[in-house]
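The values are calculated or read from the model by the stated rules, or taken from the named source; none is laboratory data. Computed from a predicted model, the values in this text were never measured in an experiment. So basically every Cβ, Gly included, is an ideal-geometry build from the backbone, and we count neighbours across all protein chains shown. Note: areas computed on protein heavy atoms with side chains; ligands, DNA, RNA excluded. Shrake-Rupley method; radii C 1.70, N 1.55, O 1.52, S 1.80 Å.
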Amino acid sequence: MKLQVALDLLSTDDAVNLLNDIAPYVDIIEVGTPLIKIEGLAVLREIKSRWPDKFLFADLKTMDAGALEAELALNAGADAVSVLAVAADGTIAGAVNAANKLGKSVVVDLIGVPPTHRLARIDELRKLGVGTVELHAGLDEQAQEGYSLPALLATIAGTDVKFAVAGGITLDTVDIVAAAGAETAVVGGGIYNAANPAATAKSLKEKLLQLA
């Protein structure tokens, strides 16, 4: 199981400073949507130049112009980009086709898809050539009373598609994600808001290795 750090920070300098401490312990570097909106594609080039051997994920959350947005980010150094599952099929297919031509990939984010429709949407996405989805509870959903990581995981129980999970994962809950069969655990604030981000990332990686 892979560890992905979500850099939902607000400057390239903050992202680089954090990565200087935690990069050895993470498998995938995710440049978060707010960071891309603030810094543009330059942040992808900067991070890829500093950590060329790390898999770089651009969390574009594309909703339209799938091929164009995918090409822009992938040519700027990203190895994969995100597209929203609620986007039109043509948008998703365009991004997938663009990524395939470049030998890279697309992750489709299920945020916004009603829980009861997620398995059906995954089946549709598979037909569009999507190989990986992300089960994602955003910050607003996590803030709602009654939010539960196990309940989130239950919404796609039984799927055979590769999936990542993002939803407030911590050292105390990453084992639940592993038990659900996820390929990747996405951790943002659980790392960058920690008192010691490097130690936290190291502990998360060690626990994932133990659970493998």
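At-a-glance table
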quantity: Candidates Ala98, Ala157, Ala15: whichever shows maximal mean-square fluctuation once the chain is modelled as a Gaussian network with Cα springs under 10 Å; calculated: Ala157
quantity: Positive minus negative residues near Ala120 (Lys, Arg vs Asp, Glu; Cβ under 15 Å); calculated: 0
quantity: Label-point separation in nm, Ala157 to Ser11, each point 7 Å along Cα→Cβ; calculated: 4.6 nm
quantity: Within a Gaussian network of the chain (alpha carbon springs, distance under 10 Å), most fluctuating of Asp89, Asp53, Asp27; calculated: Asp53
quantity: The chain: most fluctuating residue of Gly168, Gly190, Gly158 per GNM, C-alpha cutoff 10 Å; calculated: Gly158
quantity: Computed E for Ala179/Asp27 - FRET, C-beta separation, R0 25 angstrom, nearest 0.05; calculated: 0.85
quantity: Residues with amide H under 5 Å from that of Glu134, placed H, sequence gap 5 or more; calculated: Val108, Asp109, Leu110, Ala164
quantity: For the chain, accessible area per residue (1.4 Å probe, heavy atoms of protein chains only), Å²; calculated: 45 Å²
quantity: About the Cα centre, charge dipole magnitude for segment 2-211 (Lys/Arg +1, Asp/Glu -1 at Cβ), debye; calculated: 500 debye
quantity: Heavy-atom accessible surface of segment 2-211: percent carbon and sulfur, 1.4 Å; calculated: 52 percent
quantity: Residue-by-residue Karplus 3J(HN,Hα) for segment 80-95, coefficients 6.51, -1.76, 1.60, Hz, glycine and proline x; calculated: 7, 9, 9, 10, 6, 5, 7, 6, 5, 4, x, 5, 5, 4, x, 5
quantity: Cβ-based net charge around Tyr192, under 12 Å, with every Lys or Arg adding one and every Asp or Glu removing one; calculated: -4
